[in-house]
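To start, the structure itself, in structure tokens.
The values are calculated or read from the model by the stated rules, or taken from the named source; none is laboratory data. All figures in this text were calculated on a predicted structure; none of them were measured in a lab. Because the Cβ atoms are built from the backbone with ideal geometry, glycine has one as well, and the counts that use them run over all protein chains shown. The protein model used for the area step is the full one, side chains on, heavy atoms only, and it has no ligands, DNA or RNA in it. Shrake-Rupley method; radii C 1.70, N 1.55, O 1.52, S 1.80 Å.
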Amino acid sequence: MHNNGHNPYKPTPMHIVRAYYESNDRSLKTLELVFDHQADRDEFFEAYNPGQFCQLSIFGKGEAPFGVASAAWEGDFVRFTIQKMGSFTQYAHQLQAGDAIGMRGPLGNGFPLEDWKGKNLVIIGGGCAFSTLYALTKHVHHPQNRPDFDQLVVIYGARTSGLCMYKHDIQSWYQRDDMEIHQAIDVPEEDWSHHVGYVPDVVKNVAPSPENAVAVVCGPPIMTKYTLPVLVELGFAPDTIFTSLEKRMKCGIGKCGRCNIGSKYICKDGPVFSLAELQELPDDI
Amino acid sequence: MMYILEKKKLNKILSTWAQEHEVFVPQKVEEYSQFLPYTEDSELALKSPHNTRYPPKALFLPQSEVMLKFNNRTQKYEEVNTTPKSRLVFGVRPCDAKAFRLLDTVFDAEDYADPYWKAKRDATILIGIGCEVPPSTCFCTTVGGGPFNQDGLDAILTELEGSYLVQILTEKAETLFASLSPATIEQEKQVEAIQTKAHDSMSPAFETDGLKQKLDQIFESSYWDKISESCLGCGICTFLCPTCFCFDIVDEVQRKERVRNWDTCMFRIYSQEASGHNPRPTRRERTRQRLMHKYSYWLDHIDEIGCTGCGRCVRYCPVGLDIRAMLRTANTHESEAVHA
């Protein structure tokens, strides 16, 4: 994407249409944003690919990067799920429907969907990092996109059932005959009928086949670290395992310097990398 | 084309240019020099070997720069005018001029162009001055430059007795000197000798052949502990560096401005994440980032070293850390088995 003389630091004016808590402890809140101008909307959806992120901008509070949690076909909005962490996210959690907000993006490469056509997809997520994988799953679900991919397996773990995101929608995935869904929580709870345990162990148990498959892993660093070897053990080749990385970012367009790992900038060369690509980079994560 | 600019005519020509351009020249500030707007009272500091302490990159990437003006109540914003009036920077050293060209590959990249940088670059003419007697901290020739390197300049001056010889390098500079008399063959020969002598006076500071590969190899070794041991983490090596470009973006609420400020990989908070995780928690990783960026990652990006050998980091480090010594040590550091 080239900025064609536009100022890439200018946030696109947006409004919040829906804001709701995603978790029972109110640490996760989803904001759905709509564009103030039709032209911005068109430009965004022309460029957007699942796996990309945006810089949300609140004047007076600054900017912070968040993965997009919606697929283009879902409607004229862009969804983000935000974990309350610092001053920006604290403030973002107070926003309500009707409030103005800025957005820069889509940024980064997103998932290489073209390369994945005709393959089985194994989607593995943990915690709030599942948001871009939710976007990916929604993208694949669309009747026009579904034939592009073969089998679909989703493994999604959270610490507790209360922290499971997109609950109602994911519940309906159990009824679908075109996918497998495996949800897991860390410790047993009453009324929980799905997996219990950490994501790497669940992946080991589910044992998705590497045959004509790609695996995508997004989660906290510790989960990713222990899940990648499990996939390798299952027979996934390094160029069929993908993950999305996060780093502290400011500009989002490869100028401000801080998000590099070796000579790659997470913001513009990533955030999605294959394990084969990561193995080429120094250990600076 | 080459012209002779007599030193006694220098102020006159600067005043003439100042009518059409905003002219910046190195001027004395305390015991250092710095690029400041030219006035008739300006005390010029052009004499070789002194480069300015504060790097002229600040003319294109200011230490603090307003990007947008906002109203935090309505969340509306206005753009600021990024296009300055025509500017002329006189007395740029070749190391700094080369740095502008290197930074163009970042700020005027094919994927995203930075309008703030680009507008200032497009509006600026760069007149350089070569270094007849390069000081001991300089090492431009080691990293592919030279004391009379023309890279990035529109014209370059060589100091003669009582005058400067001006070599015109681009169209931008052509009309500026047209009123002067051309140089004689003897003067041209004299200048050639001065330039060659200056170049030859600089011996290689360290070996660059295979240096990148070596640094990549010792990424996890104890080398980084050793060379970063006495670092205070003050960041002066990066702030004064002509090729360092990292910045932070912050909202100044009182001023209602979104501002970008120089930042540095030498600070802990630079890469500190909201979760508390920091990929570069100690001086070891931060020093490694600084050196790897210049001597490995730049080469991956554009196949050039991202250091122009200006020597500011050597001259102004409060504990006397010397990047040349660091790199010589890297070259001789035995690779360690860091993995089982």
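Filtered by the rule that a residue be more than 8 Å from chain A (Cβ to nearest Cβ) and not in a loop (DSSP other than H, G, I, E, B), the range B:267-287 gives B:R268, B:I269, B:R283, B:R284, B:R286, B:T287.
Would you check if A:S70 is open to solvent by less than 10 Å² (accessible area, probe 1.4 Å), under 19 Å from the mean Cα position of the chain (by Cα), outside the structural domain of A:G126 (by TED's automatic domain parsing) and not hydrophobic (A, V, I, L, M, F, W, C)? So A:S70 passes the test.
Restricting B:Q190, B:Q167 to those that are open to solvent by less than 60 Å² (accessible area, probe 1.4 Å) and polar (S, T, N, Q) reduces the list to B:Q167.
Being closer than 23 Å to B:D114 by Cα, within 10 Å of another protein chain (Cβ to nearest Cβ), free of Cβ contacts under 8 Å to residues at least 24 places away in the same chain and open to solvent by less than 20 Å² (accessible area, probe 1.4 Å) is the requirement here; does A:G60 meet it? Answer is yes for this residue. Among the residues of the range A:202-213, just one is assigned to a helix (DSSP H, G or I), open to solvent by 60 Å² or more (accessible area, probe 1.4 Å) and in contact (Cβ under 8 Å) with a residue 24 or more places away in the chain, namely A:K204. The requirement of being assigned to a helix (DSSP H, G or I), within 14 Å of chain A (Cβ to nearest Cβ) and either touching a residue at least 60 places away in the same chain (Cβ under 8 Å) or buried (at least 18 other Cβ atoms within 10 Å of the Cβ) (or both) is fulfilled somewhere in the range B:107-115, by at least one residue.
Among the conditions (1) assigned to a loop (DSSP other than H, G, I, E, B); (2) surrounded by fewer than 17 Cβ atoms within 10 Å (Cβ to Cβ); (3) within 14 Å of another protein chain (Cβ to nearest Cβ), the only one that B:H50 does not satisfy is (3). Only one of the numbered conditions (1) assigned to a loop (DSSP other than H, G, I, E, B); (2) over 27 Å from A:F273 (Cβ atoms) is not met by A:M14, and that is (1). Report whether or not A:K225 is without any contact (Cβ under 8 Å) to a residue 40 or more places away in the chain, open to solvent by less than 50 Å² (accessible area, probe 1.4 Å) and within 14 Å of another protein chain (Cβ to nearest Cβ). Criteria not met by A:K225.
To keep it simple, each residue is scored yes or no on (1) at pLDDT below 95; (2) within 18 Å of the chain's Cα centre (by Cα).
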site: A:G5; (1), (2): yes, no
site: A:T12; (1), (2): no, no
site: A:I16; (1), (2): no, no
site: A:D25; (1), (2): no, no
site: A:E32; (1), (2): no, yes
site: A:D42; (1), (2): no, no
site: A:R79; (1), (2): no, yes
site: A:G86; (1), (2): yes, no
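Out of B:K69, B:K85, which single residue is surrounded by fewer than 22 Cβ atoms within 10 Å (Cβ to Cβ) and either in a strand (DSSP E or B) or among the aromatic types (F, W, Y) (or both)?
B:K69
The residues listed here are A:V122, A:V187, A:V153, A:V140; of these, the one that is in a loop (DSSP other than H, G, I, E, B), touching a residue at least 12 places away in the same chain (Cβ under 8 Å) and β-branched (V, I, T) is A:V187.
Of the residues that make up the range B:310-327, is at least one within 23 Å of A:I261 (Cα to Cα) and either part of a loop (DSSP other than H, G, I, E, B) or open to solvent by 20 Å² or more (accessible area, probe 1.4 Å) (or both)? No - not one qualifying residue is present in the range B:310-327.
Residue-by-condition table, conditions (1) open to solvent by less than 20 Å² (accessible area, probe 1.4 Å); (2) more than 14 Å from chain A (Cβ to nearest Cβ); (3) of a type in the set (F, W, Y); (4) free of Cβ contacts under 8 Å to residues at least 24 places away in the same chain:
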position	(1), (2), (3), (4)
B:Y32	no, yes, yes, yes
B:Y38	no, yes, yes, no
B:N81	no, no, no, yes
B:F100	yes, yes, yes, no
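If you go through the range B:255-266 and keep only what is facing chain A (nearest Cβ under 10 Å) and in a loop (DSSP other than H, G, I, E, B), you end up with B:K256, B:D263, B:T264, B:C265. If you take the residues in the range B:53-66 that are open to solvent by less than 50 Å² (accessible area, probe 1.4 Å) and among the charged types (D, E, K, R), which one is nearest to the other protein chains (Cβ to nearest Cβ)? The residue in question is B:E65.
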